[in-house]
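The values are calculated or read from the model by the stated rules, or taken from the named source; none is laboratory data. From a predicted model like this one, the values you see are computed outputs, not experimental measurements. Quick reminder, even Gly has a Cβ in these numbers, built from the backbone with ideal geometry, and neighbours come from all protein chains shown. Note: accessible area is taken over every heavy atom of the protein model, side chains too, but ligands, DNA and RNA are not part of it. Shrake-Rupley method; radii C 1.70, N 1.55, O 1.52, S 1.80 Å.
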Amino acid sequence: MARAVVIGAGIAGIATSIRLATAGYQVEVYEANDYPGGKLTQFEQDGFRFDAGPSLFTMPFLVDELFEEAGKNPTHYFNYEQLPVVCNYFYEDGTRLSAYAQPTAFAQEVEQKLGVPAKVLEKHLHNSAEIFEHTHQLFMEQSLHQAKNFLNLDVVKSIANMYKMHIFSTMHEVNQRKLKNPHLVQLFDRYATYNGSSPYKAPGILNIIPHLEHNMGAYLPQGGMHSITQSVYKLAIELGVQFRLGAKVDKIMVENKVAKGVMVQGREVLADVVVSNMDVVPTYRHLLKNEPAPEKALKQERSSSALIFYWGMGATFPELDVHNILFAQDYKAEFEHLFELKKIYPDPTVYINITSKREKNDAPANAENWFVMVNVPGNQGQDWDQWITETRQSVLDKTSRILGKDIGALIQTEAILDPRSIEQKTSSFQGSLYGSSSNNRYAAFLRHPNFSRKIKHLYFCGGSVHPGGGIPLCLLSAKIVSNIIKEKHGALVTTQ
Ligand code: FAD
């Protein structure tokens, strides 16, 4: 039986281990933390449960696929519901808007609240669906770095349709041209942040993202986001994957340009294939110190990071739903702060996620578990302690102003996550949430491939490589990498 070692038990690492185990590989996963999941984890504090990282779940069928691949019924492990309201939006001028999951209801809301004819929004969502249709196979389902993938007919059609995909305009320029209303433009510009980018720089093709949320749906797993980790971890163990938790990999062993295994706490572990789910930058800088690094890929601008306040609130807020956005007044200035000045904007857009709206066990009675996040630049040694104090105050001011209550007085318990702690807990370079940013039109091609071009038998999955960050893309990276491995190594004999 061929033997695979996976470095890291993030969602992509676990998904890869499942796919390789079902293909007959003997899989060992080495994870530095004493828990699986990487960014997709949780914690409890003073009677409140908080999802520590991701809060928005789209394309749930990609999780189901893992169970189906293993011949299991997904619902025996993992269940989720579609949210009736995707997000509630709040603007400083008092405008409030609910983005209903039902596209026609959302279009009516936009017509009523913003005076934009419903058909404008419907057309925009239709356009987003079209981008998905024409691009998902090329950009999401297969390696972008294998010439053979460009020879199939569907991909040829995608390339022929590329001129319709707005690659030469920014997301903001497209939204401005098509939607015009400043509030609606801001709402759709925000989708650039779903991969940690700026709408003023990211290409219009990224207007594919609203399709995932509005046409395919936003979901909440039963038990919160962390149940994604718990369920796939359970499945992997059932399939015989061996998890070594608290086992940091120190080195990838390479002989004559072939990966031979890993070095863990002074011990050599041999393998036929090595898959790194660790961020690609520290993989090269720390585990492959003696090998030439693909500098161009490693030097791509990183996506934004985040500052999160986890607040146990001693009150309930009927005007809020699971996902809520309190917009900055000057969005352009906010992104200039993030990507040019590398600072936190003084009046940032505030995202509030409250799973206890639907998961009643996540907070005590008459209380709510608030996950309050602002986008911030990556960690480059800034004075985070000072910035956290200042930003905490501006977030309190903004939420109190918009919700008309003294929010600070209602906080019963608090925890904080910042770019330093994200980097320290997951090895994510600069604490970026989504690997490299999509702030230029070639970003997809410049992202590191799912395999090493220089070292045979070395592969990559996860948010810092193709197709990019976020749970759905990480799950797709697992699919892509395991397909490549199966193609290339299907017949390998074990090293033992
Ligand atoms: P990671 O989760 O980065 O895990 C990598 C693992 O590798 C870690 O467990 C780490 O300990 C381990 N590791 C590193 N070095 C070593 C080593 N030397 N030896 C052994 N193990 C090692 N995505 C969404 O889809 N929706 C959201 O709403 C969303 N919001 C987010 C909010 C926050 C605050 C954060 C942090 C992320 C968010 N994301 C969101 C992004 C999403 O969480 C990530 O893209 C995804 O979870 C990354 O998974 P991954 O498999 O790449 O690995």
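Computed quantities for the displayed model
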{"item": "Hits among lysines - C-alpha to C-alpha of Lys180 under 21 Å, sequence gap 8 or more where chains match", "result": "Lys113, Lys119, Lys123, Lys164, Lys201, Lys332"}
{"item": "Nearest 10 degrees, 0 to 90: helix 11-22 Cα axis against the chain principal axis", "result": "40 degrees"}
{"item": "Qualifying lysines (Cα of each under 24 Å from Cα of Lys39; at least 8 residues distant if same chain)", "result": "Lys234, Lys248, Lys251, Lys299, Lys342, Lys343, Lys357, Lys360, Lys425, Lys479"}
{"item": "On Cα atoms only, tilt of 118-136 relative to the major axis of the chain in degrees", "result": "10 degrees"}
{"item": "Over region 101-217, relative contact order from alpha-carbon pairs under 8 Å, at least 6 apart, %", "result": "32 percent"}
{"item": "Share of alpha-carbon pairs per 10 Å distance bin for the chain, given as whole %", "result": "4, 20, 31, 27, 14, 4, 0"}
{"item": "Gln329 versus Arg177: modelled label distance in nm, points set 7 Å from Cα along the beta carbon direction", "result": "3.1 nm"}
{"item": "Unit charges on C-beta of K, R, D, E only; dipole of the chain, Debye", "result": "1560 debye"}
{"item": "Residue list for region 74-90, given a label point 7 angstrom along the Cα-to-Cβ vector of Ala105 and an amide N cut-off under 14 Å", "result": "82-88"}
{"item": "Check: region 101-217 dipole with +1 on Lys, Arg Cβ and -1 on Asp, Glu Cβ, in debye", "result": "300 debye"}
{"item": "Rounded accessible area per residue of region 101-217, 1.4 Å, Å²", "result": "43 Å²"}
{"item": "Surface accessible to a 1.4 Å probe, Glu295 within the full protein complex, Å²", "result": "70 Å²"}
{"item": "On Cα atoms only, tilt of 226-238 relative to the major axis of the chain in degrees", "result": "20 degrees"}
{"item": "Estimated [θ] at 222 nm from DSSP helical runs (n ≥ 4, -39500 (n - 2.57)) normalised by residues in the chain, nearest 500", "result": "-9000 deg cm²/dmol"}
{"item": "Theoretical FRET efficiency, 1/(1+(r/R0)^6), r = Cβ-Cβ of Lys123 and Glu295, R0 41 Å, to 0.05", "result": "0.45"}
{"item": "Alpha-carbon centroid distance for the pair region 85-114 / region 1-55, whole angstrom", "result": "36 Å"}
{"item": "Accessible area in the full protein assembly, largest first, 1.4 Å probe, for Tyr434, Tyr91, Tyr80", "result": "Tyr80, Tyr434, Tyr91"}
{"item": "Bridge type composition, the chain - antiparallel percent by DSSP, nearest 5", "result": "70 percent"}
{"item": "Nearest-20 debye value, region 1-54 charge dipole, Cβ charges on Lys, Arg, Asp, Glu", "result": "320 debye"}
{"item": "Loop chymotrypsin sites (Phe, Trp or Tyr not before Pro), region 153-190 (other Cβ atoms within 10 Å of the site Cβ: 15 or fewer; DSSP)", "result": "Phe168"}
{"item": "Cα-derived Rg to Rh of region 1-137, Kirkwood definition", "result": "1.09"}
{"item": "Cα gyration tensor category, rounded, prolate or oblate, for region 353-496 with a/c compared to 1.5", "result": "prolate"}
{"item": "Rounded, prolate or oblate (a/c below 1.5 giving rounded, otherwise prolate when a/b exceeds b/c) for region 235-274 by Cα gyration tensor", "result": "oblate"}
{"item": "Asp46 versus Ile237: modelled label distance in nm, points set 7 Å from Cα along the beta carbon direction", "result": "3.2 nm"}
{"item": "Surface share of carbon and sulfur [accessible, 1.4 angstrom probe, percent] for the chain", "result": "51 percent"}
{"item": "Global geometry of region 259-341, whether rounded, prolate or oblate, following the gyration tensor of its Cα atoms and the 1.5 cut on a/c", "result": "oblate"}
{"item": "D (Stokes-Einstein, µm²/s), Kirkwood Cα radius, region 101-217, 0.890 mPa s at 25 °C", "result": "165 µm²/s"}
{"item": "Accessible area in the full protein assembly, largest first, 1.4 Å probe, for Thr104, Thr58", "result": "Thr104, Thr58"}
{"item": "Candidate lysines - alpha carbon under 22 Å from Lys486, same-chain residues fewer than 8 apart omitted", "result": "Lys72, Lys148, Lys257, Lys260, Lys454, Lys456"}
{"item": "Pair Arg96, Val156: separation of 7 Å Cα→Cβ label points (nm)", "result": "5.5 nm"}
{"item": "His466 long-range amide H proximity, modeled H, under 5 Å", "result": "His448, Asn450"}
